[in-house]
Amino acid sequence: MSGRRLRMRRAERGAALLAVLGLVVLLGGLATVGLSRLGAATDLSHAARAGAAARMAASAGIAAAQALALPKRAAARTDPATWGQPEWLDLGGATAEIRFAEAPNCFNLNSLAQRREGRAGDPEPMRAGGADFARLLRAAGLGLIEAEALGRRTAAMVGGRGVLLADPSEWLEVPGVTPELYARVAPLLCALPNRDPMPLNVQRLSRRDLPILAGLGFDEARARAALAGQPGGFSSVSRFWQAMGTSEGETEAAAAAGVSSRYVEVHVIGRAMGAEAHRLVLLDSAAQPARVVAARWLVPPAQGSGA
């Protein structure tokens, strides 16, 4: 019976892989047809057609990335260098370059939507509150009064929405959040499709993550010392807790720590007719195909900088 089950599981994995490959081939075919029709439109200027074709190629690349994210993440567990190996999608007259990376650690703004008191034996992480976010802001360099005020306003804004934030840029709606402040803090923030803190990937922790650790309830001084001793991250969860000089139970809003992340960051570059279209996407690889959590267009390097 066990041998039969093993054969069934292998068959299921094989069928899933074939489905992924088939989806990628289908996407390439559909995008090729669309690009051909776009090229035949004579009423559009060359620049407009090139830009539209590049964006179409990038969109096809995102769909392919959704299919490839889980296999890519699985391969990277045994060979981390896999993350640095781009995938290519040939669309006949256009291409999509797909670059994968483990998503960086971040503070989930949507975790501010609800405050819940912890209970003994409760396996779920506690929701973050305004005081937690204020600690993040203080560790990022803001003064005590400003940080506490913005922490309260942010928690009130997120909690009063009734719906999850779709993008960290919505933080700009909070009174007192200037474009300059957002530019400084934004790299630490994310807006995940849930209300829980993002699980920490201890292997990716660095000194830039100090405000995130502070916002998750870790003692700032302990965290600073731990990160100074391990600037390249921690090889295991046990080493992380040992370096922090504490245990998971002592933190308030700290999510479970691990050595990988379910979220994958993808940079897709669509190229067609001499034009480029860049898009940065955050994927949730817990599902197959992976689900798009956030996406934004980037300005191609030749045209400027920023996002």
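The values are calculated or read from the model by the stated rules, or taken from the named source; none is laboratory data. On a predicted model such as this, the values are computed, not experimentally measured, just so you know. Cβ coordinates were reconstructed from backbone atoms using ideal geometry, including for glycine residues, and neighbour counts include every protein chain displayed.
Cβ-Cβ below 9 Å, separation at least six or inter-chain, first residue in region 211-222 and closer than 18 Å to Gly143 by Cβ and in contact (Cβ under 8 Å) with a residue 24 or more places away in the chain, second assigned to a helix (DSSP H, G or I) and of a type in the set (Phe, Trp, Tyr): which pairs?
What qualifies is Gly215/Phe133.
Can you confirm whether Ile145 is of a type in the set (Val, Ile, Thr) and closer than 23 Å to Ala286 by Cβ?
no
Check Ala101, Ala69 and return the single one that is at pLDDT 85 or above, assigned to a helix (DSSP H, G or I) and under 30 Å from Asn194 (Cβ atoms).
On the way: Ala101 fails: assigned to a helix (DSSP H, G or I).
Criteria check complete, one pass: Ala69.
I need a count of the residues in region 161-181 that are within 18 Å of Asn194 (Cβ to Cβ) and either under 22 Å from the mean Cα position of the chain (by Cα) or part of a helix (DSSP H, G or I) (or both).
The first filter runs over region 161-181 and keeps only residues within 18 Å of Asn194 (Cβ to Cβ), leaving 161-168, 170-171.
Then drop every residue that is not either under 22 Å from the mean Cα position of the chain (by Cα) or part of a helix (DSSP H, G or I) (or both), which leaves 161, 163-168, 170-171.
Going through region 161-181 one residue at a time, the tally reaches 9.
Which residue, of Arg222, Arg152, is modelled with pLDDT of 95 or more, out of contact with any His (no Cβ under 9 Å at 6 or more places or on another chain), on the phi < 0 side of the Ramachandran plot and part of a helix (DSSP H, G or I)? Give the steps one after another, and end with the answer.
Numbers: Arg222 fails: modelled with pLDDT of 95 or more.
Exactly one of Arg222, Arg152 is modelled with pLDDT of 95 or more, out of contact with any His (no Cβ under 9 Å at 6 or more places or on another chain), on the phi < 0 side of the Ramachandran plot and part of a helix (DSSP H, G or I), namely Arg152.
Looking for something among the polar types (S, T, N, Q), modelled with pLDDT of 90 or more and either surrounded by fewer than 18 Cβ atoms within 10 Å (Cβ to Cβ) or over 19 Å from the mean Cα position of the chain (by Cα) (or both) - is there at least one such residue anywhere in region 24-40?
So the first thing to find is which residues in region 24-40 are among the polar types (S, T, N, Q), and the list is 32, 36.
Retained after the next criterion (residues that are modelled with pLDDT of 90 or more): none.
No, because not a single residue in region 24-40 is among the polar types (S, T, N, Q), modelled with pLDDT of 90 or more and either surrounded by fewer than 18 Cβ atoms within 10 Å (Cβ to Cβ) or over 19 Å from the mean Cα position of the chain (by Cα) (or both).
Among (1) touching a strand residue (DSSP E or B) at 6+ places or on another chain (Cβ under 7 Å); (2) at pLDDT below 90, there is one condition Leu109 misses while meeting the rest; what is its number?
Unmet for Leu109, out of (1) touching a strand residue (DSSP E or B) at 6+ places or on another chain (Cβ under 7 Å); (2) at pLDDT below 90: (2).
Looking only at residues that are farther than 16 Å from Ala147 by Cβ, assigned to a helix (DSSP H, G or I) and of a type outside the set (Asp, Glu) in region 202-216, which one is nearest to the chain's Cα centre (by Cα)? Even if it seems obvious, please write down each step before you answer.
To start, the set of residues in region 202-216 that are farther than 16 Å from Ala147 by Cβ comprises 202-209.
Narrowing the set further to residues that are assigned to a helix (DSSP H, G or I) leaves 202-204, 207-209.
Okay, now just the ones that are also of a type outside the set (Asp, Glu), so 202-204, 207-208.
Values: Val202: 15, Gln203: 16, Arg204: 13, Arg207: 19, Arg208: 16 Å.
Of everything passing the filter in region 202-216, Arg204 is nearest to the chain's Cα centre (by Cα).
Working carefully through the options Ala64, Ala69, Ala58, find the one that is crowded, with 19+ Cβ neighbours inside 10 Å, within 15 Å of the chain's Cα centre (by Cα), of a type outside the set (Ser, Thr, Tyr) and under 30 Å from Val163 (Cβ atoms). Working first, answer last.
On the way: Ala64 fails: within 15 Å of the chain's Cα centre (by Cα); Ala58 fails: within 15 Å of the chain's Cα centre (by Cα).
Criteria check complete, one pass: Ala69.
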